[in-house]
1. Identify the residue in segment 60-101 that is β-branched (Val, Ile, Thr) and surrounded by 14 or more Cβ atoms within 10 Å (Cβ to Cβ) and, among all such residues, is farthest from Val16 (Cα to Cα).
2. Out of (1) over 15 Å from Asn5 (Cα atoms); (2) open to solvent by 60 Å² or more (accessible area, probe 1.4 Å); (3) modelled with pLDDT of 95 or more, the odd one out for Val41 is which?
Amino acid sequence: AMKFNGYLKVRIGEAVGLQPTRWSLRHSLFRKGYQLLDPYVTVSVDQVRVGQTSTKQKTNKPTYNEEFSATVTDGHQIELSVFHDTPIGYDDFVANCTLHFQDLLRSAGPSNSFEGW
């Protein structure tokens, strides 16, 4: 497998179609607004967190436009995860996706940058 060595810059634009979590639905019985999440996105390279967006309040389609960068050695994959910021205890996992550097490098072409999903 191809590994990535170099400078990684990730821009988180927006998330769409996020689903309420069990925690948020449980609380929606009392207050209508809880079908909406308070989402943030984490960026990890090979299980090491390299960035986290701010939390957006009460939305299932947050816009961030936030950028993170990291120097990567022997990188295998990038993982983006969305969490719902809960007032107490652990934050709720909402969704994630994993991108392999190998696939990104293959599809990047001469510009060396990749835009997608």
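The values are calculated or read from the model by the stated rules, or taken from the named source; none is laboratory data. Computed from a predicted structure; not experimentally measured. When we count neighbours, we look across all protein chains shown, and the Cβ atoms used for this are built from the backbone with ideal geometry, even at glycine. Accessible surface areas use protein heavy atoms only, side chains included; no ligands, DNA or RNA. Shrake-Rupley method; radii C 1.70, N 1.55, O 1.52, S 1.80 Å.
1. Our first condition is that a residue be β-branched (Val, Ile, Thr); within segment 60-101, this holds for 63, 71-73, 78, 82, 86, 88, 94, 98.
So of that shortlist, the ones also surrounded by 14 or more Cβ atoms within 10 Å (Cβ to Cβ) come out as 72, 78, 82, 86, 94.
On the way: Val72: 28, Ile78: 19, Val82: 11, Thr86: 19, Val94: 12 Å.
That would be Val72.
2. Single failed check for Val41: (2).
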